[in-house]
Amino acid sequence: MNVSVSSRGGLDLRQLVGAGAAACLQGAGYPIPEVVLSAVPCSGGFVARTGHDEFLVAADEAPQLSAASPPWCFQRSDHLIELTGPDWAQALTAVCPHDLRALGGDAWLMATVAGVDVWLRTGPDSSGGLLIGCDPSYGHYLETTLREVVSETESLKQ
Amino acid sequence: MKHIDCPGIGPRPIVEFIYDGEVRPPAPEDASLEVLADRVFNRSGAPGVLREWWYHRPTGSWYVLERDTVTNEIQRAVDPEEVAYAIPML
């Protein structure tokens, strides 16, 4: 199985919530996803629309967003896990009830993996890999589980 | 695996949801202790179509669904305006 699991750093995560969130992001030069529960790429990361007035911004540098309220801007500390290699979707079949092979490029999905609530983000080419974000308190468990799933699947194939 | 089809998120596996009970109007402010106790501890349990709260954990969304408790079939997702009586902020 051609897939590897690794921790991912270097992304600054901010959550923007409240009336005027879209205008605030636009004012800062970020693209706005039109549809709720979708994402668009931006400056090394993405902007995901997680609700009508709620956005998750992931960028390689801290976004220059006003912390005044509303909208409110919160820093997030999600644990980020990167799955790379063309077999990542097959590896996740053991721990995720969704058929992730159907995810296209630049896709966004909020789902459950190994019992943990996560967000999933593919790059422009979905075969390239997957980025997973979850509550940091579940990060070690999820990453260890994913490593073991990949390892077990590889050993079964030998 | 059983799926629940909700507006906005589509069919999702039931393991992603938390059941939060029947949709009921809030208790009257001047209710007696007997009425409050009855409300807290008793349910009719009669078979039929029930309006229920369901919480989708990954997206943090609440839904009101009508479920036939005889067949366990979810008949429809209810528009929040229809249950405004149970949501004080609406």
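Computed from the coordinates by the stated procedures, all read-outs in this text should not be read as laboratory data. A quick note: this is a predicted structure, and the numbers were derived from the prediction, not measured. Counting neighbours? That spans all protein chains shown, and the Cβs are built from the backbone with ideal geometry, glycine included.
Using only the Cα atoms, what convex hull volume per residue in Å³ does the protein assembly as shown have?
163 Å³
Taking H placed 1.01 Å from N in the peptide plane, check which residues at least 5 places from B:Ser61 or on another chain put their amide H under 5 Å from its amide H.
Answer set, sorted by chain and number: B:His56.
Any number yet on Rg/Rh for segment A:36-116, C-alpha, Kirkwood?
Rounded to two decimals, Rg/Rh equals 1.00.
Any chance you could run the full-extension gain for A:Ala23 through A:Ser155? It's 0.36 nm times the residue separation minus the Cα-Cα distance, nm to one decimal. List each step's numbers first, then the result.
Numbers: separation 132, 0.36 × 132 = 47.52 nm, distance 5.08 nm.
Roughly 42.4 nm would be gained on extension.
Which longest run of chain A has no exposed loop site in it, a site being GluC sites (Glu not before Pro) in a DSSP loop with at most 16 other beta carbons within 10 Å, and the site itself not part of the run?
A:62-158
For segment A:12-76, with only Lys/Arg (+1) and Asp/Glu (-1) charged at the beta-carbon, what is the dipole magnitude about the Cα centre, in debye rounded to 20?
80 debye
What nm value, rounded to one decimal, do you get for the distance between A:Thr144 and B:Asp5 when each label is placed 7 Å out toward the C-beta?
Reported label-point gap for A:Thr144 and B:Asp5 is 4.1 nm.
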